[in-house]
Amino acid sequence: MDLLVIRFLVLVTETLKWRSSYSRNTTDICLCQLLLTGGREDQMRSGSKKQTPPSWAEWLIMKLSWSSDREGIVENLREEYRVRSRMNGEWETSMWYCLQAVRSVLPFVGFELRWRIVMLKSYLKIAFRNMTRQKLYTGINIGGLAIGIAASLIIILFVMNELSFDRFHENADRIYRIGNQVGSAADNRGAFTPPPLASALKNDFPEVMEATRLNLWKRERLVRYKEKQYIENDIIHADSTVFNIFTFNWIAGTPRNALVQPHQVVITEEMAEKYFGDEEPVGRILEFEDQDVIVCGVVEAFPKNSHFQFDFIVSLVSLDSHDDQTWMSNCFFTYLLLPHGYSPEHLEAKLPDFILKHYGPIFLQETGVDYGEYLRDENNHYGYWLQPLLDIHLNNNIFYLTESRGSRQTMFNSSVAQIRMASRKIWAGAPMIHHRHLSLYCVW
């Protein structure tokens, strides 16, 4: 350490000598320039505007120059700048001034860099000596530090995965699922809707660019192709307009002709290899227990961060309830595509009148009670609401859903608890390096 101190003092002395000579040389140069120009300078000064050097260069000299006479250096350089700008032009003189500013701060930067490297080496030596002297204590601290870092990384990956659900769709920020609410309580919300809702919304509201229905109620079914047969569970039904809302990566077939006719099915690439191997899947017939379906397309499966999964998408028109006009039955999931920048609250504000128009006559026919009078009691509230696609996975206040979902509150609480635990473990590993040293590391 004594040798390091001696080297440091020598470095400081040499740097101060260099700066002192540089300041004198600069002053001498300015005086020579003034003597050479003589009376012509006064004439030029009276006939031209005042020349000023770059402000950032002056700031650099004032803040980082090592000389104690910073104001004098700046004044001398400023005077020389005026002389040179008249002789060589303002642009060339500005480049010269910037070069002088950089040269004036180089010793300061070099000294700071060398000193920080010296201190860093010293701290590393101290830390190494402490670790070799207390091996058990060091092992415990390093283990706690490693566990804390690993826990933090796992938390980050978990949160990123939870927040990434359904973002792979190109129009994810414009897709909404419409659900119903029974009663005044906000927790009495469901995600299923009556069969005629999608077509009625598309016809009544021009802002609804597209609407589609999905039947996500899954059950096990036996699927056969020749001698191959398997029990499958991920079978859903959808309108052909599903391809206009959600993003599918097509491998075979086209979305234009898919799911248009009854008994058509779109399968994933994995199912195509599972049942058909090297055969061309499009046009093949699969046996679905009580019906035969023809394969009209092959797509890539949705990633795991999707709020619904599928292996088979059967055309919704294959179901008897696809054209059901009963507004009293809720059995499908309805999704809407809205224009760019359109606020969903505007559409929600129009839905009460929409319900009176379509649901009121049926309610009067079924019960003999005017629906408007019935709704005056807040406990009899019935309405629709829009849920953004990106909010579906972390929203756990919807009942009767078909897929498992996360919870925004649970994710937040668990993340805070795990981060606190990880921070304790990280700080527990810090005593093997003195806290003063650790703070200096952070500053460096």
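The values are calculated or read from the model by the stated rules, or taken from the named source; none is laboratory data. Since this is a predicted model, take the numbers as computed values, not measurements. Neighbour counts run over all protein chains shown; Cβ positions are idealised from the backbone, glycine included.
In segment 77-113, what residues are in contact with a Phe, Trp or Tyr (Cβ under 7 Å, 6 or more places away or on another chain) and of a type outside the set (Ser, Thr, Tyr)? So that I can check it myself, show each step before the final result.
Start the filter on segment 77-113 by keeping residues that are in contact with a Phe, Trp or Tyr (Cβ under 7 Å, 6 or more places away or on another chain), which leaves 77, 81, 84, 93, 97, 107-108.
Answer for segment 77-113, where residues must be in contact with a Phe, Trp or Tyr (Cβ under 7 Å, 6 or more places away or on another chain) and of a type outside the set (Ser, Thr, Tyr): Leu77, Arg84, Pro107, Phe108.
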ask   = Taking the stated definitions as given, is Val314 at negative phi, out of contact with any Ser or Thr (no Cβ under 9 Å at 6 or more places or on another chain) and of a type in the set (Val, Ile, Thr)?
value = yes
ask   = Just for segment 267-306: of the residues that are closer than 30 Å to Leu163 by Cβ and among the charged types (D, E, K, R), which one is surrounded by the fewest Cβ atoms within 10 Å (Cβ to Cβ)?
value = Lys304
request  = Of the conditions (1) more than 19 Å from Asn395 (Cα to Cα); (2) surrounded by 17 or more Cβ atoms within 10 Å (Cβ to Cβ); (3) among the hydroxyl-bearing types (Ser, Thr, Tyr), Thr193 clears all except one; give me its number.
outcome  = (1)
query = Based on what the data block shows, is Leu390 buried (at least 16 other Cβ atoms within 10 Å of the Cβ), at pLDDT 75 or above, of a type outside the set (D, E, K, R) and part of a loop (DSSP other than H, G, I, E, B)?
reply = no
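Got at least one residue in segment 208-216 being surrounded by fewer than 17 Cβ atoms within 10 Å (Cβ to Cβ), out of contact with any Leu (no Cβ under 7 Å at 6 or more places or on another chain) and not in a strand (DSSP E or B)? Give the derivation first.
We begin by selecting, within segment 208-216, every residue surrounded by fewer than 17 Cβ atoms within 10 Å (Cβ to Cβ); these are none.
No.
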inquiry  = So, restricting to strands (runs of 3 or more DSSP E) that lie completely within segment 288-367, which ones have at least 1 residues that are over 29 Å from the mean Cα position of the chain (by Cα)?
reply    = 291-299, 312-315
task = Restrict the check to segment 272-284 and report whether at least one residue is out of contact with any Cys (no Cβ under 8 Å at 6 or more places or on another chain), within 24 Å of Leu389 (Cβ to Cβ) and of a type in the set (Gly, Ala, Ser).
result = no
query = Is there any pair linking a residue in segment 123-138 that is assigned to a helix (DSSP H, G or I) to one that is of a type in the set (Ser, Thr, Tyr), with Cβ under 6 Å and at least six apart or on different chains, and which?
reply = Met131/Thr138
request  = Please state which of the following conditions Lys202 fails to meet, knowing it meets all the rest: (1) without any contact (Cβ under 8 Å) to a residue 40 or more places away in the chain; (2) outside any strand (DSSP E or B); (3) surrounded by fewer than 15 Cβ atoms within 10 Å (Cβ to Cβ).
outcome  = (3)
request  = For segment 224-266, enumerate the residues that are under 31 Å from the mean Cα position of the chain (by Cα), within 18 Å of Leu286 (Cα to Cα) and part of a strand (DSSP E or B).
outcome  = Ile236, Ala238
task = Give segment 269-312 a look and list any residue that's farther than 18 Å from Arg224 by Cβ and hydroxyl-bearing (Ser, Thr, Tyr), or say none.
result = Ser306
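Against the condition part of a strand (DSSP E or B), over 21 Å from the mean Cα position of the chain (by Cα), assigned by TED's automatic domain parsing to the domain that holds Ile313 and of a type in the set (Ser, Thr, Tyr), how does Tyr176 come out, does it pass? Steps first, answer last, please.
On the way: part of a strand (DSSP E or B): yes; over 21 Å from the mean Cα position of the chain (by Cα): no; assigned by TED's automatic domain parsing to the domain that holds Ile313: yes; of a type in the set (Ser, Thr, Tyr): yes.
In short, no.
Look at Val282 and say whether it is in a strand (DSSP E or B), out of contact with any Lys or Arg (no Cβ under 7 Å at 6 or more places or on another chain) and within 28 Å of Asn171 (Cα to Cα).
Values: in a strand (DSSP E or B): no; out of contact with any Lys or Arg (no Cβ under 7 Å at 6 or more places or on another chain): yes; within 28 Å of Asn171 (Cα to Cα): yes.
The answer is no for Val282.
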inquiry  = Scan segment 70-93 and tell me whether some residue there is surrounded by fewer than 18 Cβ atoms within 10 Å (Cβ to Cβ), in the same structural domain as Trp115 (by TED's automatic domain parsing) and at pLDDT below 75.
reply    = yes
